[in-house]
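Below is one structure, written out as structure tokens; the observations come after it.
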Amino acid sequence: MAVDMDIDMIKKEMKILLRGTAEIISQKDLEEKLIESKKTGKPLKIKLGIDPTAPSVHLGFAVVLRKMRQFQDMGHRIQLIIGDFTARVGDPTGKSETRKVLTPEEITENARTYKDQLSLILDPEKTDVYFNSQWLAPLNFAEIIGLMSKYTVARILERDDFTNRLKEGRPLGMHEILYPLMQGYDSVALESDLEMGGTDQKFNILVGRNLQREYGQEPQIVFLMPILEGLDGVLKMSKSYGNYVGITDPPNDMFGKLMSIPDKLISRYFELCTDVPMDEVRKMESDCKSGEMNPRDAKMRLAREIIAIYHDSSKARAAQDEFLKVFSRHEMPSDIPEYAVPDSEKKDGKVWIVKLVELAGLANSKREARRLIERGSVKLNGEKLESPKADIEIKGEMILQVGSRKFVKII
């Protein structure tokens, strides 16, 4: 009877784990590890390696973290590896050129920021945090040669990004070739049962699986999650592309950003970023296609669901109310930041509009500000400004607006 109960439990757990998953190598091995864990009472060790190169967690990265939280809720432990040693190289995956090497100070600060943000998703009580300098830094040259002997050059060059760089005559450093071996050795050092990552990490995680076998360990399960497209619906979500939603973004910002995603991504975001049952998601998708539901309403629910995860339900509802107030009824936002123009920036009481947009923080540079004005995206007190040559007289309070989401009160 107990065996039957365990099998039924494994089936339920697998249904949860398979949601949104891209690939598992192999599903059969995972089921066997889950069964063995139930029998022995020994939790699986679920590994995730992070090179602390970008201290901002967004919804795309959260796809993997949320799946790891599911493993935690099933009683398993997370091995979170802060790659303070591998960050000296930088994961070359998908890169067309050698990465800038981070300083120890940058690594330490990024790692601290990551740990704070990850606690918004992972259970700290079931998360073991390691720095891979613990086992990589002490390796002597003989041990590094031994590690390198476990893998061939031919297999390393199976990575498309390495091969392409060589074909195109672009530099490929020896330290970059070592990166997959270093990441793989993390799995050996911690005897991981399963390693998670995005589909772009498949090669590196397979290296870890092979190295474990070489070192006489049971090879880890490879568990891959999809790469989430950003708000543009084309490129992967990334801070560098500016198409991301950060999990620590203010609720109003999150709502506005999520309402801008292409309709084709609504179901995908529901599947990967929320806990809404898939039968409900498929029903919404069907209703949107048939015209019974406006995609805008589906997006509003999506935004509420996501904001409730990282903030709370009341803030999600308030963000929706604010969105409807500003975008549907074309009213001013409730809370508009203020900017007082310094006298040193005025000439005869006036400021060049391009400079004003930049000073107010509505553009990152004068070039961007000029482009926004020429595109007709800038308004002053509701009136569109079209000439980047205009000088604006600073008198009283004025509302400077860029696009439909950015407002600043000039005082």
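The values are calculated or read from the model by the stated rules, or taken from the named source; none is laboratory data. Owing to the predicted nature of the structure, the values given are computational and were not obtained by experimental measurement. Here the Cβ positions follow ideal geometry from the backbone for every residue, glycine too, while neighbour counts run over all protein chains shown.
Among the residues of region 305-355, those identified as modelled with pLDDT of 85 or more and among the aromatic types (F, W, Y) are Y310, F323, Y339, W352.
Can you tell me how many residues in region 190-219 are of a type in the set (D, E) and either surrounded by fewer than 23 Cβ atoms within 10 Å (Cβ to Cβ) or more than 15 Å from R77 (Cβ to Cβ) (or both)? Outline the logic, then answer.
Of region 190-219, the ones of a type in the set (D, E) are 191, 193, 195, 200, 214, 218.
Applying the additional criterion that residues be either surrounded by fewer than 23 Cβ atoms within 10 Å (Cβ to Cβ) or more than 15 Å from R77 (Cβ to Cβ) (or both) yields 191, 200, 214, 218.
The number of residues fulfilling the criteria is 4.
Listed by first and then second residue, the pairs with beta-carbon distance under 7 Å, at least 6 apart or on different chains, first residue in region 102-123 and under 13 Å from P52 (Cα atoms), second acidic (D, E) and surrounded by 14 or more Cβ atoms within 10 Å (Cβ to Cβ), are I107/D84; A111/D84. Here R282 meets the list (1) buried (at least 18 other Cβ atoms within 10 Å of the Cβ); (2) modelled with pLDDT of 95 or more almost entirely, failing just condition (1). Residue check: H76 meets all listed conditions (1) under 14 Å from the mean Cα position of the chain (by Cα); (2) buried (at least 20 other Cβ atoms within 10 Å of the Cβ) but one, namely (1).
Among the numbered conditions (1) of a type in the set (A, V, I, L, M, F, W, C); (2) crowded, with 17+ Cβ neighbours inside 10 Å; (3) over 23 Å from F323 (Cα atoms), the only one that I411 does not meet is (2).
R370 meets each of the listed conditions (1) surrounded by fewer than 16 Cβ atoms within 10 Å (Cβ to Cβ); (2) touching a residue at least 12 places away in the same chain (Cβ under 8 Å); (3) farther than 19 Å from S260 by Cα; (4) basic (K, R) apart from (1). Every condition in (1) part of a helix (DSSP H, G or I); (2) outside the structural domain of R304 (by TED's automatic domain parsing) holds for G242 except the one numbered (1).
Just checking: which of the helices (runs of 4 or more DSSP H) contained wholly in region 301-411 hold 1 or more residues that are under 30 Å from D123 (Cβ atoms)? Can you show your working first?
Working: elements: 313-323, 353-359, 366-374.
Fully inside region 301-411 and qualifying: 313-323.
Taken across region 164-175, residues that are assigned by TED's automatic domain parsing to the domain that holds K150, of a type in the set (A, V, I, L, M, F, W, C) and part of a loop (DSSP other than H, G, I, E, B) do occur, with at least one present.
Could we say that E195 is over 20 Å from the mean Cα position of the chain (by Cα) and either in the same structural domain as R77 (by TED's automatic domain parsing) or in a loop (DSSP other than H, G, I, E, B) (or both) here? Explain how you work it out, then say what you get.
Numbers: over 20 Å from the mean Cα position of the chain (by Cα): no; either in the same structural domain as R77 (by TED's automatic domain parsing) or in a loop (DSSP other than H, G, I, E, B) (or both): yes.
So E195 fails the test.
Looking across region 220-230, the residues that are surrounded by 21 or more Cβ atoms within 10 Å (Cβ to Cβ) and either over 14 Å from D200 (Cα atoms) or within 13 Å of the chain's Cα centre (by Cα) (or both) come down to Q220, I221, M225, L228, G230. In region 285-300, the residue that is farthest from the chain's Cα centre (by Cα) out of those that are without any contact (Cβ under 8 Å) to a residue 40 or more places away in the chain, assigned to a helix (DSSP H, G or I) and surrounded by 16 or more Cβ atoms within 10 Å (Cβ to Cβ) is C288. Annotation: E158 fulfils all but one of (1) part of a loop (DSSP other than H, G, I, E, B); (2) within 25 Å of the chain's Cα centre (by Cα); the unmet one is (2).
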